Amino acid sequence: MEAFMLAWKAASWGVRIAAVVGPLLIVGTAYAVWHHKVYQRGYDRALADIAAEDKGAIGAATELRKIWSDCRGRGGRWIQSEGRCS
């Protein structure tokens, strides 16, 4: 420890600053890269979940449209408030 303190005192300000700032930059950069990867995975997952919900909603709407079209094709009248054909 004593040798480190002597070397520290003997070092110029530039070396001292580099010794402190260098590791901070390395750790900060590593954290930023990691955080970006985590964020990107979350973003990709959210888009996949939205796409899955959209597919389900589109499927349901298509099915309901088919029911409505069948009703109209038979000459019936669609009652929107009741969701049925008369």
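Coordinate-derived values only; no laboratory data. Everything quoted here is computed from the prediction, not taken from an experiment. Positions of Cβ are backbone-derived with ideal geometry, glycine not excepted, and every protein chain shown enters the neighbour counts.
Only helical DSSP H runs with n ≥ 4 go in: add -39500 (n - 2.57) per run for the chain, normalise by residue count and round the 222 nm mean residue ellipticity to 500 deg cm²/dmol.
-30000 deg cm²/dmol
If one takes the longest principal axis of the Cα atoms in the chain, at what angle in degrees, from 0 to 90 and to the nearest 10, does the Cα axis of helix 13-73 lie?
0 degrees
Could you tell me which GluC sites (Glu not before Pro) in the stretch 3-86 are loop residues by DSSP with no more than 12 other beta carbons within 10 angstrom of their beta carbon?
Taking the stretch 3-86 and a limit of 12 other Cβ atoms within 10 Å, the loop GluC sites (Glu not before Pro) found are Glu82.
Per the Debye formula with a single identical scatterer at each Cα and no solvent contribution, what log10 I(q)/I(0) holds for the chain at q = 0.18 Å⁻¹?
With one equal scatterer per Cα and no solvent, log10 I(q)/I(0) is -0.89.
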